[in-house]
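Inspection log for the structure reproduced underneath, given as structure tokens.
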């Protein structure tokens with residue numbers, strides 16, 4: 001696996017990867033689909049371009065032995081040694097083969113060694129128990145905190161149910 005930070009020229013490929021992993025019929029090829037919970041988009045080119053251009057955030061890309069983008073994630077340092085982990089996506093046709101574990105481990109390494117984080121934090125839709133359990137097996141814990149889903153903001157998708165909420169997970173990196 002080859003890792004590097006995203007560049008502006010990567011934006012279309014990143015959007016395609018994230019959308020394919022979470023939305024629509026293509027996402028059903030993997031197990032991380034949110035197609036039963038949300039319609040609409042997961043992200044768009046403007047949002048991804050903003051992350052790439054930001055000095056406050058890092059968008060890490062993962063390529064296979066060729067030049068195929070197979071994974072990505074966003075790392076955003078917060079106060080108190082916390083690094084927020086988001087926009088995590090693995091190509092749906094490559095899910096289940098260990099790429100997600102490798103990308104997550106690299107993200108944790110970069111967060112700790114490059115960004116100085118002592119804790120990784122993320123939010124996961126609470127109704128995604130299968131995904132939450134995947135993170136729990138990798139050392140994350142549920143903090144007990146929940147955050148509201150941005151209902152009504154179609155930049156994050158159109159909920160198919162009214163009870164969506166985010167669960168906060170965290171892991172010590174020390």
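Could you tell me which of the residues 86, 100 is part of a helix (DSSP H, G or I), at pLDDT 95 or above and in contact with a strand residue (DSSP E or B) (Cβ under 6 Å, 6 or more places away or on another chain)?
The unique qualifying residue is 100.
Quick one: which residue in 92, 159, 148 is loosely packed, with under 12 Cβ neighbours inside 10 Å and under 24 Å from residue 19 (Cα atoms)?
Just one listed residue meets the conditions, 148.
State all residues of the range 21-34 that are more than 16 Å from the chain's Cα centre (by Cα) and surrounded by 14 or more Cβ atoms within 10 Å (Cβ to Cβ); if no residue qualifies, say none.
Correct list: 24, 26, 29.
Out of the residues in the range 4-20 that are in contact with a helix residue (DSSP H, G or I) (Cβ under 6 Å, 6 or more places away or on another chain) and within 17 Å of residue 155 (Cβ to Cβ), state the one that is surrounded by the fewest Cβ atoms within 10 Å (Cβ to Cβ).
15
Buried (at least 18 other Cβ atoms within 10 Å of the Cβ) and on the phi > 0 side of the Ramachandran plot: does that describe residue 87?
So residue 87 fits the description; yes.
Please enumerate the residues belonging to the range 44-83 that are over 16 Å from residue 1 (Cβ atoms), in contact with a strand residue (DSSP E or B) (Cβ under 7 Å, 6 or more places away or on another chain) and assigned to a loop (DSSP other than H, G, I, E, B).
Once the filter is applied, which keeps residues that are over 16 Å from residue 1 (Cβ atoms), in contact with a strand residue (DSSP E or B) (Cβ under 7 Å, 6 or more places away or on another chain) and assigned to a loop (DSSP other than H, G, I, E, B), the range 44-83 yields 56, 57, 78.
Spot the failing condition for residue 140; the list is (1) surrounded by 14 or more Cβ atoms within 10 Å (Cβ to Cβ); (2) over 27 Å from residue 5 (Cβ atoms); (3) free of Cβ contacts under 8 Å to residues at least 40 places away in the same chain, and only one is missed.
The one condition residue 140 does not meet is (2).
Name every residue in the range 105-147 that is part of a helix (DSSP H, G or I) and within 16 Å of residue 167 (Cβ to Cβ), in order of residue number.
129, 130, 131, 132, 133, 134, 135, 136
Could you count how many residues in the range 84-99 are touching a residue at least 40 places away in the same chain (Cβ under 8 Å) and within 15 Å of the chain's Cα centre (by Cα)?
Total meeting the criteria: 7.
Whether any residue in the range 145-164 is at pLDDT 95 or above, closer than 13 Å to residue 85 by Cβ and touching a strand residue (DSSP E or B) at 6+ places or on another chain (Cβ under 8 Å) is what I want to check.
no
How many of the residues in the range 154-174 are within 15 Å of the chain's Cα centre (by Cα), part of a strand (DSSP E or B) and under 16 Å from residue 128 (Cβ atoms)?
Residues that pass the stated criteria total 4.
The values are calculated or read from the model by the stated rules, or taken from the named source; none is laboratory data. These numbers come from a predicted model, not from an experiment. As a convention, Cβ positions derive from the backbone with ideal geometry for all residues, glycine included, and neighbour counts pool all protein chains shown.
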